[in-house]
Amino acid sequence: MPSMDIEFTYTPDVDQVLSFSLPEKSVRGRIARIGPVLDDILQAHAYPPAIRRLLAEALILTTLMGTLISKSSGQLTMQVQSASGIVELLVCDFRESRVRGYVQFRDDAVLQHDRLPDFGRLFGDGRLVVTFDMAASKERYQGIVELRGTSLTQVVRQYFVQSEQIPTMLETAVDIRPDGATASGTLLQYLPDGEEGRTRLDNLDDEFGWTCVSQLSKAADAPSVLLEEVAFRPALRRLFPDEDTIVVHETEMLQKGCRCSLEHFDDVLSRFPKEDRREMQNEDGVILVDCQFCSRQFAIQD
């Protein structure tokens, strides 16, 4: 009987986050990819190429960090403000599997190039602010990092070093094409004592598990894997080829997260005194509210 060649094909995993763990190394991880959701967010404004690439990177970072919060437990917000850089304001947030973001920027010819300009020119003296708003406890945790480095991903790595003190590895990859944009990323955290993760960065020299994972991830050329593999499971196998056990947990489906509506803005405005709302009205007695996230305007009849 002649032998048969069996070809396996994988359905693309997009607009999803897959959580996994490497139990032999005490590591938890996330691998994420956004596509149609990313396109929907980018198309809300006429962003030049460099800003599209920057926002795509910011959105995949926000998604990876946001999924560290339990569902329905809170919101993660990543924000950059600068008085001297090309980028004036960058805001992204993640809540209940929904991601959104936008960028305000100063006109500059360098933004028409697909590659990002010099990081210092892009952000000037700006700072990255990461905020966790926890719904259950009503507590807020905030970390602030100077924008120094060559990429936003590198800055977020520094955030984990400075603010979280949990051994963390982070890789992202962005692919902008005429037919659509894709952003992918993976996040690894070393938690030898479960979710408490008591081991901190200053003890890593003696942590064999984390050393092995660091070497594996670097050797796998993670950004290339994230772009080349259309499905998460073969991507994980390429990222960690020598791991005997990779435990796949849940898959989280992503959506565009703009929460704007007439009801929402009407509720927000109702908290202002009548005198303040009267000053907001135009000559027709209508309050016009702009949503920067989706570039829509809402007319509120007070």
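The values are calculated or read from the model by the stated rules, or taken from the named source; none is laboratory data. This structure is a prediction, so every number in the text was calculated from the model and none was measured. Glycine also receives a Cβ, built like all others from the backbone with ideal geometry; neighbour counts cover every protein chain displayed.
With (1) surrounded by fewer than 16 Cβ atoms within 10 Å (Cβ to Cβ); (2) basic (Lys, Arg); (3) modelled with pLDDT of 85 or more as the list, and Arg115 as the residue in question, which single condition is left unmet?
(3)
In the list Gln162, Gln154, which residue meets the criterion of being touching a strand residue (DSSP E or B) at 6+ places or on another chain (Cβ under 8 Å) and within 26 Å of Ser19 (Cα to Cα)?
Of the residues listed, the single one that is touching a strand residue (DSSP E or B) at 6+ places or on another chain (Cβ under 8 Å) and within 26 Å of Ser19 (Cα to Cα) is Gln162.
Of the residues Leu89, Leu76, Leu111, Leu170, which is outside any loop (DSSP other than H, G, I, E, B) and either without any contact (Cβ under 8 Å) to a residue 24 or more places away in the chain or not assigned by TED's automatic domain parsing to the domain that holds Val27 (or both)?
Just one listed residue meets the conditions, Leu89.
Within the set of pairs 6 or more residues apart or between chains, which connect a residue that is surrounded by fewer than 14 Cβ atoms within 10 Å (Cβ to Cβ) inside segment 174-196 to a residue that is modelled with pLDDT of 90 or more with Cβ atoms less than 7 Å apart?
Gly180/Gly35; Gly180/Asp39
If I filter segment 160-171 for residues that are of a type in the set (A, V, I, L, M, F, W, C), farther than 25 Å from Asp93 by Cβ and modelled with pLDDT under 90, do I get at least one hit?
Within segment 160-171, none of the residues are of a type in the set (A, V, I, L, M, F, W, C), farther than 25 Å from Asp93 by Cβ and modelled with pLDDT under 90.
Among the residues of segment 185-195, are any assigned to a helix (DSSP H, G or I), more than 21 Å from Thr63 (Cβ to Cβ), assigned by TED's automatic domain parsing to the domain that holds Leu55 and modelled with pLDDT under 90?
Within segment 185-195, one or more residues are assigned to a helix (DSSP H, G or I), more than 21 Å from Thr63 (Cβ to Cβ), assigned by TED's automatic domain parsing to the domain that holds Leu55 and modelled with pLDDT under 90.
Taking segment 23-56, which residues are closer than 22 Å to Glu228 by Cα and in a strand (DSSP E or B)?
Gly29, Arg30, Ile31, Ala32, Arg33, Ile34
Each row is one residue, and each column tells you yes or no for (1) closer than 21 Å to Ala173 by Cβ; (2) modelled with pLDDT of 80 or more.
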position: Arg237; (1), (2): yes, yes
position: Phe240; (1), (2): yes, yes
position: Thr245; (1), (2): no, yes
position: Thr251; (1), (2): yes, yes
position: Gln255; (1), (2): no, yes
position: Arg259; (1), (2): no, no
position: Glu263; (1), (2): no, no
position: Asp266; (1), (2): no, no
position: Leu269; (1), (2): no, no
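I want to confirm something. Restricting to segment 121-146 and keeping residues that are basic (Lys, Arg) and surrounded by 13 or more Cβ atoms within 10 Å (Cβ to Cβ), which single residue is nearest to Leu89 (Cα to Cα)?
My answer is Arg127.
Filter segment 92-108 down to residues that are outside any loop (DSSP other than H, G, I, E, B) and under 12 Å from the mean Cα position of the chain (by Cα), then give me how many there are.
The total comes to 8.
Scanning for something of a type in the set (D, E, K, R), assigned by TED's automatic domain parsing to the domain that holds Val91, out of contact with any Asp or Glu (no Cβ under 9 Å at 6 or more places or on another chain) and modelled with pLDDT under 80, does segment 287-301 turn up at least one residue?
No, that holds for no residue.
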